[in-house]
Amino acid sequence: MKNLDDILNMAKNVQDELSKAQANLDSIEVEGVSGGGLVKVKASAKGRIISVDIDESLLQPSEKQMVEDLVAAALNDARGKADAASNAEMGKMTSGLALPPGFKLPF
């Protein structure tokens, strides 16, 4: 069994790697799309919305409700992709760690 200093050093290393991985999430971009590409939302894997692109054909008062629905759908699509990218990135960080079964990060 490892001594307490080894365990504390391992925990510090894990925390440092976790911080690096989380900082990297803001540089990973995903794109949510709805309406067959009429509405696009770019977001970071951390969930920050970078841009929204709405096709000009939707910019008519009679299309207001549809535009609102498509923007919401694109945001949800971007959020789902951001979560997937985040989970993949964090999975890379924890894949080499010898953690006990059922142990979850972050602490």
Does segment 7-57 hold any residues that are in contact with an Asp or Glu (Cβ under 9 Å, 6 or more places away or on another chain), closer than 17 Å to Lys92 by Cα and among the β-branched types (Val, Ile, Thr), and which are they?
Ile28
Condition check: among the acidic types (Asp, Glu) and in a helix (DSSP H, G or I). Does Asp5 satisfy that?
yes
Just one of Leu105, Leu58 is out of contact with any strand residue (DSSP E or B) (no Cβ under 7 Å at 6 or more places or on another chain), open to solvent by less than 50 Å² (accessible area, probe 1.4 Å), at pLDDT below 90 and more than 29 Å from Asp6 (Cα to Cα); which is it?
Leu58
Would you check if there is a residue in segment 32-55 being in contact with a Ser or Thr (Cβ under 7 Å, 6 or more places away or on another chain), modelled with pLDDT under 90, open to solvent by less than 90 Å² (accessible area, probe 1.4 Å) and in a helix (DSSP H, G or I)?
no
Pairs under 9 Å by beta carbon, first residue open to solvent by 100 Å² or more (accessible area, probe 1.4 Å) in segment 1-26, partner not in a helix (DSSP H, G or I), six or more apart or different chains?
Gln15/Pro106; Gln15/Phe107
Looking only at segment 73-85, decide whether some residue is surrounded by 16 or more Cβ atoms within 10 Å (Cβ to Cβ) and either in contact (Cβ under 8 Å) with a residue 60 or more places away in the chain or aromatic (Phe, Trp, Tyr) (or both).
yes
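The values are calculated or read from the model by the stated rules, or taken from the named source; none is laboratory data. No experiment lies behind these values; they were computed from the predicted model shown. In this analysis, Cβ positions are derived from the backbone assuming ideal geometry, glycine residues included, and neighbour counts consider all displayed protein chains. Each accessible area value is taken on the protein alone, full model and side chains, heavy atoms only, with ligands, DNA and RNA left out. Shrake-Rupley method; radii C 1.70, N 1.55, O 1.52, S 1.80 Å.
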